[in-house]
Each structure stands twice: as C-alpha cells, then as structure tokens.
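The structure appears right after this line, and notes come after that.
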Amino acid sequence: MIDLDEHVDLERGVMSRKVFVDDDIYRLELERIFSRSWLFLAHESQLPKSGSFVSTYMGEDPVIVVRRSDGSIGAVLNSCRHRGMKVCRADVGTTRAFRCSYHGWTYGLDGDLVSVPNMAEGYRNELDMSRWGLLRVPRVESYKGLIFGTWDAEAQPVEEALGDITFLLDTFLDRRPGGTEVIGGVQKWVMGGNWKLAAEQFASDMYHSFLLHASAWQALAPEGADLSEMVFPSVGSQMTSQGSGGGWFHDPTGAGSAVLGPVLAADFTDPAVWERLGEVKAGGPIGCHATVFPNFSFLGAFRVLRVWHPRGPHEMEVWSWTLVDKDQSPEIKDAWRRFASMTFGPTGTFEQDDGEIWTDLQRVSRGHIAQTVDLNYQMGIGHEVTDHPDYPGRINHVYSDNAARGFYERWLELMKTPLRPGQRGNATARAGQEVTR
Amino acid sequence: MNTIPHAAMDPALQLEVEQFLYAEAELLDARGFREWLGLLTEDVRYWMPTRANRSIREYALEVAGPGEMAHYDDDLGSLTTRVRRIESNQAWSEDPPSRTRRFVTNVRIKPDGSELAVRSSLLVYQHRLEREVNVFAAGRQDVLRRTHDGLRIASRKVLLDQTVVLANNISVFF
C-alpha cells in the first residue's frame, strides 16, 4: 500500500503530483472518499413530480435519483440485481418503473423488485423478490433544495456534515424567501485532468483568476473601458472547514459586477437580498467560489453549480447547472442562464481556459521525474486564524492555499481511515457483507 | 414507390448558398473571426442547445428548449465579446491556436419570403497542441437573409451530436 504521508506534507505545504496520477490512490479514493462522503445528487427542482428521475453518479457508480409515489426522494444503484445491467439508460425523464432491458427484471420507483419474467417456470417461484431490490443509497437528505446522498448508513445528518460551509452555501441558496431552482438541462463535458484539480481550485484558488482568465475579464469589461485602469481586488478572505472551503473578495461589487453588466449586477446586489443575508455575508461571501468536499462546487457571482465526477485518475466529467432564485422574474432568470453559458461551461469565456490548464498539467504529471518534484501549497501558511469575528472555520487571505491545504487535510484523513467493517463499500470486508440491499 | 420530399432546386440558388457556406467555413478555418462577425445580421441569434439521452417515449424532449441550458445562446454582442477574447492574445484555449477543418455537406434550402431556411451538416476537425483532437459533428438550421451586401446569417441553431461533450472545452464556432 502506498504511503500517503510520503506524498502529502501539509505542515510544510508540499505535495507530490503522484496524488493526481496514481491508480492505487484513485481506487482508494473511490472506496474511502466517495463511498462514505455526502455527495451532491441533484436539485429538488429537477424532480417535479412522482416518477420524475435523473441519472447521476456517486464516484463511478451510476445511481438513479427519483421522486417516489409518496413524494419523497430516494436514490438507488443503477444496476440490475440479476446480471448488473443498467436499469435506466435515460439521463432524465418520468417513469412508473425501471425495467432492465436485458432480461426484464422490473423495479418500482422505490427500487423494490416487482416483476421477474418466467418466475414460475424459471425460478419455480422460489426467488425471494423482497431480497433482490435495487441497492438503495441508505441516506438521502436535502439541504435548501440540494439533494445529497451517502452510502454510509451511519453518517451524521447532511446539515451537520456540511458544517461551516453552509455559511457560504446560504449566500447561494437562501438569497430570497422562495429558495432556488435550476434551469432545465445540464452542460456535460470531459476534461483530461484529475477531479481534485478542479475541486481544490474552486475551494481555494482565486489566485489564478486574473491571469488565467485575463482574456475573459478584458473581453467582458464594458465596451470602451480603459483596461489599464482595471484594478483587480486584493482584499478578501478564504475559509476552510472539514475539507470544504471557499474564497471571496470583500468588495463583491468591484471587478465582478463590471462583467455582470447593469441588469445582473442590480440583481446580485439587490438591497432586499443584502438585508436578508446581513452585512457580513452580503459584504463578500455572496460572491464566493467554493467547494463542498469532495466534488461539488459553486460560484456565487455566476450562479453556477457543478459536480466533478471522477473518471479514472486522468479524467473528470463535469456536470454544470445554472441556479436561480425561484422568486425572480423570468427575464432575470434567463439573463443568468445566458450569462452562465457565456462565462462557464465548455464554451465559457472563463472556463475554456481551465480545461486547457488541467489537461496540460495532468499530462506533465505523468512524468517520472516530474513526480519527484514537489508542488507548492505554501501560500499564507502559518497565517491562518480560527477565531475570526465574522467568519467560521479557518480563515486566511483570499490569496492563499488555506482551503487547498484544508481540502487535502480532510482527504488524507479519510484516505488513511478504513471504512468500518461491514460498511457498504469496504473493499477489504466485502466477503462478510450480506447479499441483501 | 415512396419518395421523400425533395423539391427540385434552382441550381443557381443551390450553388450560391453552398458557396456562401463554404466561404464561411474557410474564413473560420483561417481564423478570420472578426470578418466572420460581418457575415451575421445585427439581430442574429446563435444557439447551440444542450441535449440529453431520453427514452423513446420522451424523445421529443431530447433537445433543450429555448429557456434551457445551452452551450451557445448568443447575440451579436456576446459573439463579439467572444471574438474580443480570442483577440486579446491571452485566450489560452486558442494560444497556441488550433488547426481546424470544417466540412459542410447536405445543404438543403427552403426559400421563405426574403429569407432562406437552410439546413446543413457540419463536421469540425480540431487539432491543437500535441495530441488534443476534437471531432464535432453537428446539424445546422440557418436562416439566411438577403441584404445589400449579399447573404447574411440571421439565425443559426446548432445541434451538436453529443450529450456529454467529448472535449475539454469548445473554443470553435460552428
């Protein structure tokens, strides 16, 4: 087994890029990170009525998230209990049941096995159908419209597990009394980089924004603006807690709102929102970039949320939505939708360049010698405070690696802790697990 | 014997429209983005909706609708912004620049008053850096308008034939 401490030294703030390329580390992540963390599944607005479903992934495991007959939301492993075929091959839709296209085993919305062809002749009516339902995700809970699931039946409730990051999430999800909804449709694309590159960047890295995204800041600046006069903010904070984290500038109406344009800037800084959130949150955190550990991220000022699905050490699949306040007018919602695809997503004037960096960075990391050269995660090290008067968690300057270090601290802690014996997903104890759901 | 509907085309019109689309493709392949903007009308709508895998029963919903997520949902202003970005010489997704080759086929024309409804198939081959290869196949539904300066694109809907875009970004126009 690989010695993780040899590759990650967060006290010194150095790390080997081995963590981005190693197959054994990746397999261990699927077990120890993805099979016990709370993972984002969907937004409640994607499941408007009984029978509504969306297909997604928890790590590399396909799951179906479904609104059941009683209105509750559940999630099941998208794999027939007979031979393992996917029972749902649509990305989204409405159905009464999930029928496997291989032999026809059919499951109800709650995952119960309801029909098996040739039950009498083939199985002699001896198959105990109650034991062969789709594997249920044992815990599915919502936080302000976001649905999360975990394979750990004994996990703490999602709100507790989210912890301090709700401070930032609330600036995104709770701006207006009616809550939020996602615009229909999803942008999906693949990037040739390890999933952690994106997750750590959204948690911690505002440092890259003004160089990597210089072209977007320039192009989106108002026509005729004197770019030499464009001053990028340098005052801001960054928090980390339980692996999650985010950063923000203290003046959210600065460079950010110049690119929003007058209509969206007015919505972003609406006094009613300001009052609801309070001075502290509205005076910075509202414009945050953030990651909810391990692979869910959002951008407050761009109304973008996304998941970085792991696809082997060398690739991630990005799923991205636009989130709007339900109470907002259709015109403003539509303006946010268009702004989101103008800035983020595969064609995004900002995000095109992230895809470029992560792909090249990943390729360099394959090098044997490159893997012996440590990466620097030292920015701001030793200057953290844990008793900030306004902000929860561990706080540092917006330009720091505070939340990246926090992300890998949590990552390391989970990676070094085996799953409980008998816990679903515990690879070393699989033989002892029951066959039932 | 059944026949599929296909009107006999005016050969001159067919040739004119095809030459227009070929010239446009050549311009984009040659990175003439600013000139390309000149082929669009002031009120152009340039739209590439997302798509999703749907069961055959719900297949009508496969393409995202007008108010739903799109990869491009642009007007002349936002397309100009995208071109300004490339011209900034700091747009790393196009620096070093990509090599692209556009193939336009299956051009079908339906005159509609002073405008032409034109469908075409487009294949864009993109190679950049050492090993980055993207192949985008798409159907296009254009509205071409006759102006004093010749044909101009008044509307373009691009149906990319991928649900998960198999590229780390889309830095090309269609």
Among the residues of the range B:35-55, is any at pLDDT 95 or above, charged (D, E, K, R) and in a helix (DSSP H, G or I)? yes
Within the range A:338-354, which residues are facing chain B (nearest Cβ under 7 Å), on the phi < 0 side of the Ramachandran plot and not in a helix (DSSP H, G or I)? A:PRO346, A:THR347, A:THR349
With criteria (1) modelled with pLDDT of 95 or more; (2) in contact with a strand residue (DSSP E or B) (Cβ under 6 Å, 6 or more places away or on another chain), A:ALA340 comes up short on (1)
Given the conditions (1) at pLDDT below 95; (2) of a type in the set (D, E, K, R); (3) open to solvent by less than 10 Å² (accessible area, probe 1.4 Å), every one holds for A:GLU6 apart from (3)
Filter the range A:394-420 down to the residues that are assigned to a loop (DSSP other than H, G, I, E, B), under 28 Å from A:LEU211 (Cα atoms) and open to solvent by 10 Å² or more (accessible area, probe 1.4 Å) and list them by number. A:ASP401
Just checking, how many residues over the range A:175-190 are touching a helix residue (DSSP H, G or I) at 6+ places or on another chain (Cβ under 7 Å) and open to solvent by 30 Å² or more (accessible area, probe 1.4 Å)? 1
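When the range B:42-96 is examined, which residues are found to be among the hydroxyl-bearing types (Ser, Thr, Tyr) and either in contact with a helix residue (DSSP H, G or I) (Cβ under 8 Å, 6 or more places away or on another chain) or facing chain A (nearest Cβ under 9 Å) (or both)?
Restricting attention to the range B:42-96, the residues satisfying the condition of being among the hydroxyl-bearing types (Ser, Thr, Tyr) are B:46, B:50, B:55, B:59, B:72, B:78, B:80-81, B:88, B:93.
Scanning the range B:42-96 gives B:TYR46, B:THR50, B:SER55, B:TYR72, B:SER78, B:THR80, B:THR81, B:SER88, B:SER93.
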Do you know which of the residues in the range B:116-131 that are surrounded by 18 or more Cβ atoms within 10 Å (Cβ to Cβ) and not hydrophobic (A, V, I, L, M, F, W, C) is nearest to the other protein chains (Cβ to nearest Cβ)? B:ARG128
For the range B:78-109, what are the residues that are small (Gly, Ala, Ser) and over 17 Å from the mean Cα position of the chain (by Cα)? B:SER88, B:ALA91, B:SER93, B:SER98
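Just the residues that are within 25 Å of B:GLY32 (Cβ to Cβ) and not polar (S, T, N, Q), please, taken from the range B:153-164.
Restricting attention to the range B:153-164, the residues satisfying the condition of being within 25 Å of B:GLY32 (Cβ to Cβ) are B:153-160.
Selection gives B:ILE153, B:ALA154, B:ARG156, B:LYS157, B:VAL158, B:LEU159, B:LEU160.
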With the condition kept exactly as written, say whether any residue in the range A:127-141 is closer than 23 Å to A:TRP321 by Cα, away from every other protein chain (no Cβ under 14 Å) and not β-branched (Val, Ile, Thr). yes
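Mind telling me which of the residues A:LEU323, A:LEU305, A:LEU299 ends up being among the hydrophobic types (A, V, I, L, M, F, W, C), under 17 Å from the mean Cα position of the chain (by Cα), within 30 Å of A:VAL263 (Cα to Cα) and more than 14 Å from every other protein chain (Cβ to nearest Cβ)? Write out each step before concluding.
Details: A:LEU323 fails: more than 14 Å from every other protein chain (Cβ to nearest Cβ); A:LEU305 fails: more than 14 Å from every other protein chain (Cβ to nearest Cβ).
Testing whether each residue is among the hydrophobic types (A, V, I, L, M, F, W, C), under 17 Å from the mean Cα position of the chain (by Cα), within 30 Å of A:VAL263 (Cα to Cα) and more than 14 Å from every other protein chain (Cβ to nearest Cβ) leaves just A:LEU299.
Of A:GLY111, A:GLY193, which residue is open to solvent by less than 30 Å² (accessible area, probe 1.4 Å) and either closer than 28 Å to B:VAL63 by Cα or in contact with an Asp or Glu (Cβ under 8 Å, 6 or more places away or on another chain) (or both)? Walk me through it before giving the result.
On the way: A:GLY111 fails: either closer than 28 Å to B:VAL63 by Cα or in contact with an Asp or Glu (Cβ under 8 Å, 6 or more places away or on another chain) (or both).
Within the list A:GLY111, A:GLY193, the selection yields A:GLY193.
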Among the residues of the range A:355-380, what is the count of those that are outside any helix (DSSP H, G or I), touching a residue at least 12 places away in the same chain (Cβ under 8 Å) and either open to solvent by less than 60 Å² (accessible area, probe 1.4 Å) or acidic (Asp, Glu) (or both)? 5
Residue hits (the range A:93-108; within 13 Å of chain B (Cβ to nearest Cβ) and surrounded by fewer than 23 Cβ atoms within 10 Å (Cβ to Cβ)) are A:GLY93, A:THR94, A:THR95, A:ARG96, A:ALA97, A:ARG99, A:SER101
When you scan the range A:9-21, do you find a residue that is in a loop (DSSP other than H, G, I, E, B) and either open to solvent by 40 Å² or more (accessible area, probe 1.4 Å) or free of Cβ contacts under 8 Å to residues at least 24 places away in the same chain (or both), even just one? yes
Answer with yes or no whether A:THR291 is buried (at least 24 other Cβ atoms within 10 Å of the Cβ), modelled with pLDDT of 95 or more, away from chain B (no Cβ under 12 Å) and outside any loop (DSSP other than H, G, I, E, B). yes
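Could you check the range A:26-35 and list, in sequence order, the residues that are assigned to a loop (DSSP other than H, G, I, E, B) and touching a Gly at 6+ places or on another chain (Cβ under 7 Å)? Quick ask: steps written out before the conclusion?
Within the range A:26-35, the first condition is being assigned to a loop (DSSP other than H, G, I, E, B), and the residues that meet it are A:33-35.
Answer for the range A:26-35, where residues must be assigned to a loop (DSSP other than H, G, I, E, B) and touching a Gly at 6+ places or on another chain (Cβ under 7 Å): A:PHE34, A:SER35.
Can you pull out the strands (runs of 3 or more DSSP E) entirely within the range A:42-82 that have at least 1 residues that are out of contact with any strand residue (DSSP E or B) (no Cβ under 8 Å at 6 or more places or on another chain) and crowded, with 22+ Cβ neighbours inside 10 Å? Break it down stepwise before answering.
Details: elements: A:52-58, A:61-67, A:73-77.
Correct list: empty, since no element meets the threshold.
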Picked from the range A:318-354 (must be open to solvent by 10 Å² or more (accessible area, probe 1.4 Å) and of a type in the set (Gly, Ala, Ser)), the residue farthest from A:ASP401 (Cα to Cα) is A:SER329
With respect to the numbered conditions (1) open to solvent by 40 Å² or more (accessible area, probe 1.4 Å); (2) closer than 29 Å to A:TRP319 by Cβ, which one is the sole condition not fulfilled by B:THR100? (1)
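Every residue in the range B:156-174 that is more than 7 Å from chain A (Cβ to nearest Cβ) and open to solvent by 10 Å² or more (accessible area, probe 1.4 Å), please.
Taking the range B:156-174 as the starting set, the residues that turn out to be more than 7 Å from chain A (Cβ to nearest Cβ) are B:156-162, B:172-174.
Scanning the range B:156-174 gives B:LYS157, B:LEU159, B:ASP161, B:GLN162.
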Kindly provide the set of residues from the range B:30-41 that are within 14 Å of chain A (Cβ to nearest Cβ) and over 15 Å from the mean Cα position of the chain (by Cα), ordered by number. B:ARG34
Tally, over the range A:85-117, of residues that are assigned to a loop (DSSP other than H, G, I, E, B) and closer than 23 Å to B:ILE56 by Cβ: 19
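The values are calculated or read from the model by the stated rules, or taken from the named source; none is laboratory data. Worth saying up front: this structure is predicted, and the values here are computed from it rather than measured. We place every Cβ from the backbone using ideal geometry, glycine too, and count neighbours over all the protein chains shown. Areas reflect the complete protein model, heavy atoms only, side chains present, ligands, DNA and RNA absent. Shrake-Rupley method; radii C 1.70, N 1.55, O 1.52, S 1.80 Å.
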